[in-house]
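Report on one structure; see the data block that follows.
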Amino acid sequence: MHLNLSDDGSKVLGVEFTGGCNGNLKAISKLVEGVSSDRVIEVLAGNTCGTKKTSCADQLTRAIEAARAEIA
């Protein structure tokens with residue numbers, strides 16, 4: 001995954017995924033572009049995929065949190 005946040009980490013400027021379900025991940029990328037990182041985390045955190053305890057969307061929220069921690 002390649003994640004691009006605003007300088008202060010408050011906004012998702014773009015995201016590109018590697019692997020996963022290509023169509024859904026392209027849609028997620030378009031939907032989160034320009035959205036506040038808090039809102040993306042609020043909506044997508046904890047999302048699961050089938051019987052897995054996580055999902056690509058959930059992993060995106062974890063990446064946002066990690067990137068924001070590096071900025072702080």
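Among Lys52, Lys26, Lys11, sorting on how many other beta-carbon atoms sit within 10 Å of each Cβ, with the fewest leading, yields Lys52, Lys26, Lys11.
Residues Ser10, Ser55, Ser29, arranged from fewest to most other Cβ atoms within 10 angstrom of their Cβ, appear as Ser10, Ser29, Ser55. Over all other residues within a Cβ to Cβ distance under 13 Å of Lys26, the charged ones net out to -1, with Lys and Arg as +1 and Asp and Glu as -1. With helices as the sole contributors, the chain gives -15000 deg cm²/dmol at 222 nm; each DSSP H run of n ≥ 4 counts as -39500 (n - 2.57), and the sum is divided by every residue. Give the calculated FRET efficiency between Lys30 and Ala66 to the nearest 0.05, with a Förster radius of 35 Å applied to their Cβ-Cβ distance. Calculated value: 0.95.
Name the residue farthest towards the positive end of the dipole of segment 2-71 from the options Thr51, Asn24, Ala67, assuming +1 on Cβ of Lys and Arg, -1 on Cβ of Asp and Glu, about the Cα centre. Toward the positive end, the furthest listed residue is Thr51. The angle between the Cα long axis of helix 22-32 and the main principal axis of the chain comes to about 30°, on a 0 to 90 degree scale. Taking amide H as placed 1.01 Å from N in the peptide plane, Lys11 has its amide H under 5 Å from the amide H of Ser6, Ser37, each at least 5 places away in sequence or on another chain.
Among Glu16, Glu70, a tally of other beta-carbon atoms within 10 Å of each Cβ gives an order, fewest to most, of Glu70, Glu16.
Taking the Cβ of Asp38 as the center, what net charge do the other residues with Cβ under 13 Å away carry, scoring Lys and Arg +1 and Asp and Glu -1? Neighbour charge sum, excluding Asp38 itself: 0.
Between the labelled values (i) 7.4; (ii) 4.4; (iii) 5.5, the entry that holds mean projected area of the Cα convex hull in nm² as derived from this structure is (ii).
Every read-out reported here was derived from the displayed coordinates using simple, explicitly stated rules and does not represent laboratory data. It should be emphasised that the depicted structure is a prediction, and the values quoted were computed from it without experimental measurement. Quick reminder, even Gly has a Cβ in these numbers, built from the backbone with ideal geometry, and neighbours come from all protein chains shown.
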